[in-house]
Amino acid sequence: MLADNVFLKILDGTIPARIAFQDDLCLAFHDIHPQAPVHILIIPRKVIRTHAELRQEDTSLIGHMNLVAGQLARDLGLDQGYRIVINCDTDGGQTVPHLHMHLLGGRALGWPPG
Ligand code: AMP
């Protein structure tokens, strides 16, 4: 695998990360610039550039990532709630070109987004 972005480098171990969970399908690690007391990124091991490139064959993968997020939220005590965010491409504010799910919690989050 050609590790041409920071998340692929985290996946292949070239760049360190504070790992929260991993299995054969995905990796979860703490965001380096947390926007909330809990801010974890969940990424697939499969190379998928962005949400818009998800395909039918990825149905169980994206479902699994959601269940991992829910389990992490329970493990980390986010019993008042939390937010799942997937930024897609330019208008979505995506900065790293590998699909990732943000799990944010530990404070009341504002809405709507800017
Ligand atoms: P997005 O703007 O949705 O593409 O989110 C990318 C996220 O990756 C941002 O919240 C960054 O703070 C985070 N990030 C970038 N580099 C690293 C890194 N080396 N380790 C952990 N998080 C990172």
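List of remarks:
- Verdict on Ala3 being over 22 Å from Leu104 (Cα atoms), free of Cβ contacts under 8 Å to residues at least 60 places away in the same chain, within 16 Å of the ligand (Cβ to nearest atom) and open to solvent by less than 80 Å² (accessible area, probe 1.4 Å): yes
- Across region 34-51, the number of residues qualifying as farther than 18 Å from Tyr82 by Cβ and either open to solvent by less than 10 Å² (accessible area, probe 1.4 Å) or within 13 Å of the ligand (Cβ to nearest atom) (or both) comes to 5.
- Count of region 11-24 residues which are touching a residue at least 24 places away in the same chain (Cβ under 8 Å) and either surrounded by 15 or more Cβ atoms within 10 Å (Cβ to Cβ) or within 11 Å of the ligand (Cβ to nearest atom) (or both): 3
- Qualifying residues in region 69-114 (those that are small (Gly, Ala, Ser) and in contact with a helix residue (DSSP H, G or I) (Cβ under 9 Å, 6 or more places away or on another chain)) - the one farthest from Ala36 (Cα to Cα): Gly92
- Test for Ile62: is it assigned to a helix (DSSP H, G or I), in contact with a Leu (Cβ under 9 Å, 6 or more places away or on another chain) and open to solvent by 20 Å² or more (accessible area, probe 1.4 Å): yes
- Subset of region 84-113 [part of a strand (DSSP E or B) and either within 14 Å of the ligand (Cβ to nearest atom) or among the β-branched types (Val, Ile, Thr) (or both)]: Ile84, Val85, Met101, His102, Leu103, Leu104
- Residue check, Phe29 within 13 Å of the chain's Cα centre (by Cα), under 19 Å from Arg83 (Cα atoms) and open to solvent by 10 Å² or more (accessible area, probe 1.4 Å): no
- Residue satisfying condition, being under 22 Å from Asp4 (Cα atoms), at pLDDT 95 or above and assigned to a helix (DSSP H, G or I), within set Ala73, Ala52: Ala52
The values are calculated or read from the model by the stated rules, or taken from the named source; none is laboratory data. Since this is a predicted model, take the numbers as computed values, not measurements. Backbone-built Cβ (ideal geometry, glycine too); neighbour counts: all protein chains shown. For accessibility, only protein heavy atoms count, side chains too; no ligands or nucleic acids. Shrake-Rupley method; radii C 1.70, N 1.55, O 1.52, S 1.80 Å.
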